[in-house]
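The structure appears right after this line, and notes come after that.
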Amino acid sequence: MYLRLNSDESAIKDIFHSFFESECSIERVRLSQHAGFDTRAWERLIETGAPGMCLPEQIGGGGAPLTTGAIVADLVGEFIAPLPFIEHLVASRLLASLAPDHDLIPALISGENIISLTLQPTKDDHAKLVPAGTIADAVIACKGNDLVLASGKDTASLLRNTADLPLAHRTLNGAETIASGNEAMESFSRARSEWQALMAVALTGLGRKAVDIGVSYAKERYQFGVLIGSFQGLQHGFASTITGVEGSHFLSNRAVSALENDSDLGDKLAGMAFLFASEAALNASATSLQYHGGYGFAEEYDIQLFYRRAKGWPLQLGDPGVEYQRIANLCLPSGKVA
Amino acid sequence: MDWSFPPEAEEFRTEVKAFINEHLTDEVISSTHEGTIHNWDFHKKIAERGWLGGAVPSELGGGGKSALEMAVMIEELQLAGAPIDGMGVAIVVASVVLELGNNHLKESIVPKLLSGETLVSFGYTEPDSGSDVAAAQTRAVKDGDEWVINGQKMWTTMAHIADYVLLLTRTNTEVPKHKGLTFFIVPLNTSGIEIQPVHTMGTERSNATFYDDVRIGDEWRIGDVDGGWEIMKAALKYERGIAGGQFPSPPLIDAFVDHAQTSKRPDGLTIIDDPVVRERLVRALIDVEVCRGFAYNTAFLASEGVMFGVEGSMTKLFASESYKKHSKWFIDMAGAEGLLYLGEDEAPVGGLLDEHFRHAPVTTIYGGTSEITRNLIAEGLLGLPRTR
Ligand SMILES: Cc1cc2nc3c(=O)[nH]c(=O)nc-3n(C[C@H](O)[C@H](O)[C@H](O)COP(=O)(O)OP(=O)(O)OC[C@H]3O[C@@H](n4cnc5c(N)ncnc54)[C@H](O)[C@@H]3O)c2cc1C
């Protein structure tokens, strides 16, 4: 048992921390607000090897475990980075697991091509609200009992949204089938769990930063002649909030480890971590926003960006209520005939 | 990060589970429904295994169970709903005495504590000082070779079955409050001590204890005169992880699931099939997994020899606050029958939903209230200014 980053992991974190500081500063995030994507930052990310870091070495990937991807995901959250790191990582692993020899793989490993996956049910040839849909060169979608790969950038236009995400509808017209039946469904469900677990980690990073922003503000702002951070009402709100974020830190990292180790608990923990982290991150952002007073509502202040991402990132999967029911079916019995 | 327990801890988990299967009978669990939260037979069985001594750090001469093995034991006992308050007190007091006590205390108390024969109760809280524990006013005055103690303690839980009380007293009124405190381990059969029951809304009984010209020798003092705060800190240090409180909800969740699977709502739907019920159950199960993350983290820190503070505070805050929420949800979802009292024939799962609802509020009060805990987190983790 070792619940901190080990020295290798810390070194990786430091490297990527510097990367995000220079390429995803809050100014840069704001500049790419309308596109929801920072092309220059992605090009620099390619130089770090991050896009292919969690793909198998045999096919030219970095061979890193999912837990290393989680280190980067945490920073994606902390910097609310406009980069499709998680979608790309998960979708390229999915493709590599089903079709390791696919032509597209080298460009996905390098990051020259971006791949994403659908999280909403598809209908006919329409994939709706695809994460990274405006920028992905390829999209993997569940279509009936098939997994299909739609390659080639189409002219998907961005759909403006709550959280400045590069969401778009995509067509599956002409998509190639990469797997069918059980194999397809199991692989897709695994990818979905990986997305949930990494998203939970990213939301934790987001939540921690949101609390940090609020606490810093409370150490600067005076009212009634004292720092607002000296009011116990705020202190207690922050304390409850950071407790939720820390809880989400441990749960989401445990979920990532469980997936990496192919534990039976992986699927369940990923869903649980995702649901918990979604609430903790939104709570953190909403609390810090509240404690900014009116300024928190002003576009100029950064906390509103965190509030909107905290909702937008997880909601790409759909109503969390449905996810609660899915997890219920994984862990709870149904009624006995009494 | 590595979330796996070492093999010896996993083996120990198997052993503890088998022990629970054999010894944690329904009678043991329901014996606490009489009000006394301690079961001597169960406690002695734990002691016979050497697990009380095992929990005492090996540098103090204990049996050298590792921090991770201890965490596993405390987790399993809590998941099963075992009465472990007495166990926690025994381990904490034995550890404090071994670290800071004199030979008299080491010889007369520690062996009996670790063999499960005797218990000590905690005498910190007073009628006028709880959260502000250092404001204790119970006086101890030196008279020749003896100390004379006068005052009153409130919430001296288990004093009615214990042989001793770890008593926080004031020996100096001329200095700041933290600097005038002295601790004693007082035999409860000393004349001048009176124990009166305090009954609670929960099933458990506590006590008020009165000290009227109680005379004891200096050999019963632990730590320096006016150095009581050091003992307090040591007690808190050993309490971390041992005192339990990380997993209050699982026995409640298990009980509710049993009920919900076999009972129908007035409209005929089996309770467990109601989507609202299912969502809440999942939320509760998620909270338990969060508690597990917190508990494993504090166990990990202990295994590294790190003196943690705020991490324990977060664990306690989250576990108790979520438990209180769960206790409200599950009594609601049993419908009006949920109200039926512990032991009432028709009560769902023997009245456990009622019992947990009445018990849960104390968990956010004792061992440091949620408010005090939030203060500690705000100051210790977030660096916000101290307000007291
Ligand atoms: C069933 C039970 C068993 C117990 N067992 C023991 C035992 O064995 N031994 C023992 O010594 N004690 C025991 N206690 C006592 C327990 O530790 C105290 O009740 C607890 O510490 C709170 O103290 P208090 O009750 O005096 O409340 P107070 O300290 O008077 O607090 C009242 C309210 O004010 C709030 N408050 C106080 N200070 C602050 C602050 N600085 N900031 C914000 N809010 C504040 C509190 O959170 C609380 O909500 C037990 C209590 C109970 C109910």
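Restricting the search to the range B:1-22, which residues are farther than 17 Å from B:L52 by Cα, hydrophobic (A, V, I, L, M, F, W, C) and in a helix (DSSP H, G or I)? Let's see the steps before the verdict.
Within the range B:1-22, the first condition is being farther than 17 Å from B:L52 by Cα, and the residues that meet it are B:1-8, B:10-11, B:14, B:18, B:21-22.
If we keep only those that are hydrophobic (A, V, I, L, M, F, W, C) as well, we get B:1, B:3, B:5, B:18.
If the condition is that a residue be farther than 17 Å from B:L52 by Cα, hydrophobic (A, V, I, L, M, F, W, C) and in a helix (DSSP H, G or I), then B:A18 is the only one that fits.
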(message) buried (at least 16 other Cβ atoms within 10 Å of the Cβ) and in a loop (DSSP other than H, G, I, E, B): which single residue out of B:A284, B:A260, B:A243 fits that description?
(response) B:A243
(request) Tally the residues that are within 30 Å of B:W40 (Cα to Cα) and either modelled with pLDDT under 95 or not acidic (D, E) (or both), restricting the search to the range B:150-178. (result) 18
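If only one of A:L198, A:L165, A:L206, A:L149 is in contact with a helix residue (DSSP H, G or I) (Cβ under 8 Å, 6 or more places away or on another chain), closer than 26 Å to A:D267 by Cβ, at pLDDT 95 or above and in a loop (DSSP other than H, G, I, E, B), which one is it?
Numbers: A:L198 fails: in a loop (DSSP other than H, G, I, E, B); A:L206 fails: in a loop (DSSP other than H, G, I, E, B); A:L149 fails: in a loop (DSSP other than H, G, I, E, B).
One residue alone meets the criteria, A:L165.
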(message) Suppose we filter the range A:22-58 for residues that are under 14 Å from A:I109 (Cα atoms) and buried (at least 21 other Cβ atoms within 10 Å of the Cβ); how many remain?
(response) 8
(message) Consider the range B:169-187. How many of its residues are crowded, with 17+ Cβ neighbours inside 10 Å and of a type in the set (D, E, K, R)?
(response) 2
(request) Considering every residue within the range A:286-308, establish whether at least one is in a helix (DSSP H, G or I), within 14 Å of chain B (Cβ to nearest Cβ) and in contact (Cβ under 8 Å) with a residue 12 or more places away in the chain. (result) yes
(message) With in contact with a strand residue (DSSP E or B) (Cβ under 9 Å, 6 or more places away or on another chain) and assigned to a loop (DSSP other than H, G, I, E, B) as the only criterion, which of B:T209, B:T203, B:T182, B:T190 stands out?
(response) B:T190
(message) Among the numbered criteria (1) crowded, with 24+ Cβ neighbours inside 10 Å; (2) assigned to a helix (DSSP H, G or I), which one does A:L83 miss?
(response) (2)
(message) Condition first: out of contact with any Ser or Thr (no Cβ under 8 Å at 6 or more places or on another chain) and within 16 Å of the ligand (Cβ to nearest atom). Can you find one or more residues in the range B:332-352 that meet it?
(response) no
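Looking at the range B:210-222, which of its residues are more than 12 Å from B:N150 (Cβ to Cβ) and either open to solvent by less than 20 Å² (accessible area, probe 1.4 Å) or not assigned by TED's automatic domain parsing to the domain that holds B:M154 (or both)? Can you show your working first?
Residues of the range B:210-222 that are more than 12 Å from B:N150 (Cβ to Cβ), as a first pass: B:216-222.
Hits for the range B:210-222 are B:I216, B:G217, B:I222.
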(request) Need at least 1 residues that are away from chain A (no Cβ under 14 Å), of a type in the set (G, A, S) and within 16 Å of the ligand (Cβ to nearest atom) per element, so show me which helices (runs of 4 or more DSSP H) inside the range B:69-174 make the cut, counting only ones lying wholly within it. (result) B:85-100
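Among the residues of the range A:238-282, write down those that are hydroxyl-bearing (S, T, Y), at the interface with chain B (Cβ under 8 Å from one of its Cβ atoms) and farther than 21 Å from A:A191 by Cβ.
The answer is A:S240, A:T243, A:S248.
Restricting to the range B:265-277, count the residues that are facing chain A (nearest Cβ under 7 Å) and open to solvent by 20 Å² or more (accessible area, probe 1.4 Å). Let's see the steps before the verdict.
Of all residues in the range B:265-277, those facing chain A (nearest Cβ under 7 Å) come to B:270, B:272-273, B:275.
From the residues that got through so far, the ones that are open to solvent by 20 Å² or more (accessible area, probe 1.4 Å) too are B:273, B:275.
Number satisfying all stated conditions: 2.
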(request) Quickly run through the range B:127-168 and pick out the residues that are within 24 Å of the chain's Cα centre (by Cα), open to solvent by 60 Å² or more (accessible area, probe 1.4 Å) and among the hydrophobic types (A, V, I, L, M, F, W, C). (result) B:W155
(message) Among the residues that make up the range A:170-191, is at least one of them part of a strand (DSSP E or B) and surrounded by 24 or more Cβ atoms within 10 Å (Cβ to Cβ)?
(response) yes
(request) Consider only pairs whose beta carbons are under 7 Å apart and that are at least six residues apart or on different chains; among these, list those whose first residue lies in the range B:123-135 and is assigned by TED's automatic domain parsing to the domain that holds B:K179 and hydrophobic (A, V, I, L, M, F, W, C) and whose second residue is more than 6 Å from the ligand (Cβ to nearest atom) and open to solvent by 40 Å² or more (accessible area, probe 1.4 Å). (result) B:A134/B:K177; B:A134/B:H178; B:A134/B:W229; B:A135/B:K177
(request) Would you please name the residue that is nearest to the other protein chains (Cβ to nearest Cβ), looking only at residues in the range B:353-388 that are hydrophobic (A, V, I, L, M, F, W, C) and within 11 Å of the ligand (Cβ to nearest atom)? (result) B:A378
(message) Suppose we filter the range B:278-314 for residues that are closer than 18 Å to A:F238 by Cα, more than 9 Å from chain A (Cβ to nearest Cβ) and not hydrophobic (A, V, I, L, M, F, W, C); how many remain?
(response) 2
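Condition check ((1) modelled with pLDDT of 95 or more; (2) part of a strand (DSSP E or B); (3) under 19 Å from A:G318 (Cβ atoms)) across all residues:
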{"residue": "A:L95", "(1), (2), (3)": "yes, no, no"}
{"residue": "A:P100", "(1), (2), (3)": "yes, no, no"}
{"residue": "A:P106", "(1), (2), (3)": "yes, no, no"}
{"residue": "A:N113", "(1), (2), (3)": "yes, no, no"}
{"residue": "A:S116", "(1), (2), (3)": "yes, yes, yes"}
{"residue": "A:L129", "(1), (2), (3)": "yes, yes, yes"}
{"residue": "A:A132", "(1), (2), (3)": "yes, no, yes"}
{"residue": "A:I140", "(1), (2), (3)": "yes, yes, yes"}
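From the list A:G214, A:G229, A:G207, which one is open to solvent by less than 10 Å² (accessible area, probe 1.4 Å), touching a Leu at 6+ places or on another chain (Cβ under 9 Å) and more than 12 Å from chain B (Cβ to nearest Cβ)?
On the way: A:G214 fails: more than 12 Å from chain B (Cβ to nearest Cβ); A:G229 fails: more than 12 Å from chain B (Cβ to nearest Cβ).
Result of the check over A:G214, A:G229, A:G207: A:G207.
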(message) Just the residues that are of a type in the set (S, T, Y) and open to solvent by 30 Å² or more (accessible area, probe 1.4 Å), please, taken from the range B:287-323.
(response) B:S303
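The values are calculated or read from the model by the stated rules, or taken from the named source; none is laboratory data. Only a predicted model underlies this, so the values are computations on that prediction, with no experimental measurement involved. Here the Cβ is made from the backbone with ideal geometry for all residues, glycine too, and neighbour counts use every protein chain on show. SASA here: full protein model, heavy atoms, side chains in, ligands and nucleic acids out. Shrake-Rupley method; radii C 1.70, N 1.55, O 1.52, S 1.80 Å.
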